[in-house]
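> One structure is given below, represented as structure tokens, and several questions about it will come after.
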Amino acid sequence: MGKGCIKDNDNVYFCARKEAATYNEKLFSREGAAELLGVSVSILGDYELGNTKVVPVDKVVLMADLYHCPELKTRYCKYDCPIGKTMPVATEVTRIDNITLRLLRELDIEKITHMKKGLIEIAMDGIISEEEKPELKVILKRLDDLAIIISEIRLLGEKVLKE
């Protein structure tokens, strides 16, 4: 998403708009984008220059849809929402080959079998003992890693299928 940004502005909203301007020339200017978003030029400028501490969620959703940039929503959730900060979610769209290889590595039958056996052992008596907590932490970490990869695929799919 950050490729092609001009004026050394690496703000995600600015970069997303500039990338979207390649297929919608109205987005090339802040004035055109502000009109489509229903905000003033100065407010959009504040978003793009980082002068607004937290961009309103409804405007993030509008920008994400208008700019075909679904990662704006997940970035908002991951970095601006106090609840989302703790959730395993992707914030960037990467290449399909990268995502696929990482997913297949994580879905290795031996890794899945090990995790399955660990969960069965933990669940057998219906109680999570102190001795079982370290294994549960390892399992939760693996699940978080999978959740991030899955959300990367969802972001990529949403971006590609909207175009």
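The values are calculated or read from the model by the stated rules, or taken from the named source; none is laboratory data. Since the model is a prediction, treat every value here as computed from it, not as a measurement. So basically every Cβ, Gly included, is an ideal-geometry build from the backbone, and we count neighbours across all protein chains shown. Surface areas here come from the heavy atoms of the whole protein model, side chains and all, with no ligands, DNA or RNA. Shrake-Rupley method; radii C 1.70, N 1.55, O 1.52, S 1.80 Å.
> Express in whole angstrom the spacing between the alpha-carbon centres of the range 111-147 and the range 3-71.
That distance is 42 Å.
> In straight Cα distance, which lysines are under 25 Å from LYS133, not counting same-chain residues fewer than 8 positions off?
LYS85, LYS111, LYS116, LYS117, LYS141
> Can you tell me which aspartates and glutamates have their Cα less than 16 Å from the Cα of LYS159? Leave out same-chain residues fewer than eight positions away.
GLU19, ASP65, GLU71, GLU92, ASP97
> Given the chain, what whole percent of its Cα pairs are spread farther than 23 Å?
Details: 6610 of 13203 pairs.
Pairs farther apart than 23 Å: 50 percent.
> Give me the accessible area per residue for the range 63-163, probe 1.4 Å, as a whole number in Å².
On the way: 6670 Å² over 101 residues.
That works out to 66 Å² for each residue.
> Here is a follow-up. Scanning the chain for helices, which whole DSSP H stretches are 30 Å or more long along the axis (Cα) and average -1.0 or more by Kyte-Doolittle?
Working: long enough: 133-162 (43 Å, 0.35).
Long hydrophobic helices here: 133-162.
> Give me the distance in nm between label points sitting 7 Å out from Cα along the Cα-to-Cβ direction at ASP65 and LYS141, one decimal.
So the label points at ASP65 and LYS141 sit 4.0 nm apart.
> Roughly how many percent of the accessible protein surface of the range 1-125 is carbon and sulfur, given a 1.4 Å probe and a whole-percent answer? List each step's numbers first, then the result.
Details: 4520 of 7640 Å².
The computed percentage sits at 59.
> Under a GNM of the chain (C-alpha, springs under 10 Å), which listed residue has the highest mean-square fluctuation: PRO56, PRO134, PRO70?
PRO134
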